[in-house]
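K.L.:
First the structure, then my questions, so here it is.
The values are calculated or read from the model by the stated rules, or taken from the named source; none is laboratory data. Keep in mind it's a predicted model, so treat the numbers as computed, not measured. All Cβ positions, even for glycine, are placed from backbone atoms using ideal geometry, and neighbour counts span all protein chains on display.
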Amino acid sequence: MACCRALVLAAPCDDGGTKQLGCCAILLFSAVDGLSLVAPGLRSVSVPATSIPRRTSVITAALTEIESQEAFDAILQDAGDSLVVIDYATSWCGPCKVIAPKFEEMSEKYTDAAFYKVMGDANKETDKLMRSQGVRALPTFHLWKNGKLIDSISGAKVEPLRAAIEANM
């Protein structure tokens, strides 16, 4: 299998597969005694198995897309005092595409924070979610802690985003 879709990857997937069970997608990994579960309202991002070192137990962070207000609320509630960083973007936004790889790198570097993406043009719910959060420019990054918005950065500005993450870890 060339790549896996997962909320969190714990090891390379050599020959695992995906089974649909009701509204949850469960990914099976042959190299791991366990499962990765993607909850309803969340969509995982593909991560090539070749980008994960062989024979490792180190958890590699993956970006997860938020697809509903309910998923958004659950993420903030479950995060507690952990930092949550949300990237609001669309598929047609050029600057969003430029900063996306840097945002992924940050999700791998700052493992004590949770990184998410809301694609505003994915469906009506994501568009409504983006509007409810007051997003008027793309990309916009919101940093949350203890259920409160603590910082907002508009534009594809890597250094201000990095500094905000480091200041709020």
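K.L.:
Are any of the residues in region 133-150 of a type in the set (F, W, Y) and either touching a helix residue (DSSP H, G or I) at 6+ places or on another chain (Cβ under 7 Å) or not assigned by TED's automatic domain parsing to the domain that holds A79 (or both)?
P.N.:
Checked against the condition, which is being of a type in the set (F, W, Y) and either touching a helix residue (DSSP H, G or I) at 6+ places or on another chain (Cβ under 7 Å) or not assigned by TED's automatic domain parsing to the domain that holds A79 (or both), region 133-150 yields at least one hit.
K.L.:
Now a separate question. What helices (runs of 4 or more DSSP H) lie completely within region 81-169 and have 3 or more residues being acidic (D, E) and either on the phi < 0 side of the Ramachandran plot or surrounded by fewer than 14 Cβ atoms within 10 Å (Cβ to Cβ) (or both)?
P.N.:
Fully inside region 81-169 and qualifying: 94-109.
K.L.:
Then there is this: Take the conditions surrounded by fewer than 13 Cβ atoms within 10 Å (Cβ to Cβ), modelled with pLDDT of 95 or more and either charged (D, E, K, R) or in contact with a Lys or Arg (Cβ under 9 Å, 6 or more places away or on another chain) (or both) and apply them to R55. Does it pass?
P.N.:
Against the criterion (surrounded by fewer than 13 Cβ atoms within 10 Å (Cβ to Cβ), modelled with pLDDT of 95 or more and either charged (D, E, K, R) or in contact with a Lys or Arg (Cβ under 9 Å, 6 or more places away or on another chain) (or both)), R55 does not qualify.
K.L.:
Moving on. Tell me, yes or no, whether region 125-132 has at least one residue that is modelled with pLDDT of 95 or more and either in contact with a helix residue (DSSP H, G or I) (Cβ under 6 Å, 6 or more places away or on another chain) or among the β-branched types (V, I, T) (or both).
P.N.:
Yes, because at least one residue in region 125-132 is modelled with pLDDT of 95 or more and either in contact with a helix residue (DSSP H, G or I) (Cβ under 6 Å, 6 or more places away or on another chain) or among the β-branched types (V, I, T) (or both).
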